[in-house]
Amino acid sequence: MRTAKAKGLAVGAATTVAAGALAVGPAAAPAVADPAVKVTTPAAGASAKVAGSVLVQWSNTTGKEVDVWLSVRTPSGSHDRLSLVAPKAGSKKAGEALATLPTVPPGTTYTVEVATQDGGESDVSGPLSLIG
């Protein structure tokens, strides 16, 4: 009796696999992985004072040390680093730093970038307004 059950399971499993292979329809979309480094704070539209400080929080699944940069959005949509505002900010899965901002002109095109020190992974916050 045990042999019959085992054979029945094997046949059922093979039938399920064969039916799945014959199924016709749209393929399932590949899962989108979370980024290895993700800025969670400041939120897009946040503001801070020029030469003040801003709380920066992130997730980091790389296990690598990260730096925090003040960047500015360029007209082409890329980001140029202006100042290292929190060097060697940690390698834990969740991190935060109180970043001291440099003296820069007030504006709405600033961002915060968290990047692994080797430059392999990074993320940029949404727009950050710096006020005088």
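The values are calculated or read from the model by the stated rules, or taken from the named source; none is laboratory data. Keep in mind it's a predicted model, so treat the numbers as computed, not measured. Note that each Cβ is placed from the backbone with ideal geometry, even for glycine, and that neighbours are counted across all protein chains shown.
The single residue among Glu121, Glu65 that is of a type outside the set (Phe, Trp, Tyr) and farther than 13 Å from Lys38 by Cβ turns out to be Glu65. The listed residues are Val17, Val32, and the only one of them that is modelled with pLDDT under 95 and under 13 Å from the mean Cα position of the chain (by Cα) turns out to be Val32. Restricting region 60-89 to residues that are buried (at least 18 other Cβ atoms within 10 Å of the Cβ) and among the small types (Gly, Ala, Ser) leaves a set whose member that is farthest from Gly107 (Cα to Cα) is Ala89. No other residue among Val50, Val104, Val56, Val39 is closer than 16 Å to Leu130 by Cα, touching a residue at least 40 places away in the same chain (Cβ under 8 Å) and within 18 Å of the chain's Cα centre (by Cα) apart from Val56. Return yes when Val54 is in contact with a Pro (Cβ under 7 Å, 6 or more places away or on another chain) and in a strand (DSSP E or B) and no when it is not. In short, yes.
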